[in-house]
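J.: Below are the structure tokens for one structure; questions will follow.
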Amino acid sequence: MIVTWKALFWLIHILGLTLWLGSSLGALLIWPHPQSQEKKQNVIAIVHTLRSLVARGSFFGGLLVAISGTSLSLILQPKSELASLWLTTMQGLGVIAFILAFFVLPRVERTIFVQESPPRNEFDRAQNKYRNLVRIIVLLLLLCLLMAAFKPQ
Ligand code: HEM
């Protein structure tokens, strides 16, 4: 077995994207439906738990992906590979997803989850906004993954 920097950063990259995509997509899959008949207090508790899963998964996963992705870009050989379409698309969409997860998502979170017991319709509107943003991030991450999966050999 040969341990190289490339293999190490690749491993961290995949680990990070598993954590980031896994937590965000997992939360979306079990997110309670706005019209759900579940008691309001239960919905609020579930949404708070899912939100913290998304926040922590994005934070640790996003950091790992960004640091390892930048390192992989710096050590990539031959340098002409940096101009390939799949890689530049992955980098571009990855950076947009990172900005959304690190700067936009926490702002939305702060403005909408501050009230202790918000009215039901206000809370539904707020959680819809949050969920839509997570959907966009997941979509961007899936596109990055598609780019890597179908890169020219
Ligand atoms: C933050 C921006 C990102 C940068 C700068 C970046 C950069 C890179 C680089 C340089 C490589 C190695 C390419 C090679 O050795 O041929 C790579 C591989 C990879 N990246 Fe990214 N990446 C980023 C985000 C992402 C995201 C968000 C995903 C998926 C959700 C992703 C998925 C992958 C996968 C699966 C590989 C392995 C491809 C292979 O070895 O065949 N990357 N990335």
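J.: Does region 20-38 contain any residue that is more than 21 Å from Val95 (Cα to Cα) and acidic (Asp, Glu)?
T.: Within region 20-38, one or more residues are more than 21 Å from Val95 (Cα to Cα) and acidic (Asp, Glu).
J.: Then there's this: I'd like to verify a number: residues in region 92-118 that are surrounded by 17 or more Cβ atoms within 10 Å (Cβ to Cβ) and either over 18 Å from Tyr130 (Cβ atoms) or modelled with pLDDT of 95 or more (or both), how many?
T.: Of the residues in that region, 6 qualify.
J.: Just checking, how many residues over region 1-23 are within 10 Å of the ligand (Cβ to nearest atom), touching a residue at least 24 places away in the same chain (Cβ under 8 Å) and closer than 30 Å to Asn132 by Cβ?
T.: The qualifying residues number 6.
J.: Quick test for you: out of Leu76, Leu105, pick the one residue that is among the aliphatic types (A, V, I, L, M), within 6 Å of the ligand (Cβ to nearest atom) and over 15 Å from Leu17 (Cβ atoms).
T.: Details: Leu105 fails: within 6 Å of the ligand (Cβ to nearest atom).
Leu76 is the lone residue from the list that is among the aliphatic types (A, V, I, L, M), within 6 Å of the ligand (Cβ to nearest atom) and over 15 Å from Leu17 (Cβ atoms).
J.: Hey, another quick one. Among the numbered conditions (1) at pLDDT below 90; (2) among the aromatic types (Phe, Trp, Tyr); (3) closer than 15 Å to Ser24 by Cα, tell me where Phe59 comes up short.
T.: (1) is the only condition that Phe59 fails.
The values are calculated or read from the model by the stated rules, or taken from the named source; none is laboratory data. Every value quoted in this text rests on a predicted model; they were computed, and no experiment measured them. With ideal geometry, Cβ positions are generated from the backbone for all residues, glycine too; neighbour counts draw on all protein chains shown.
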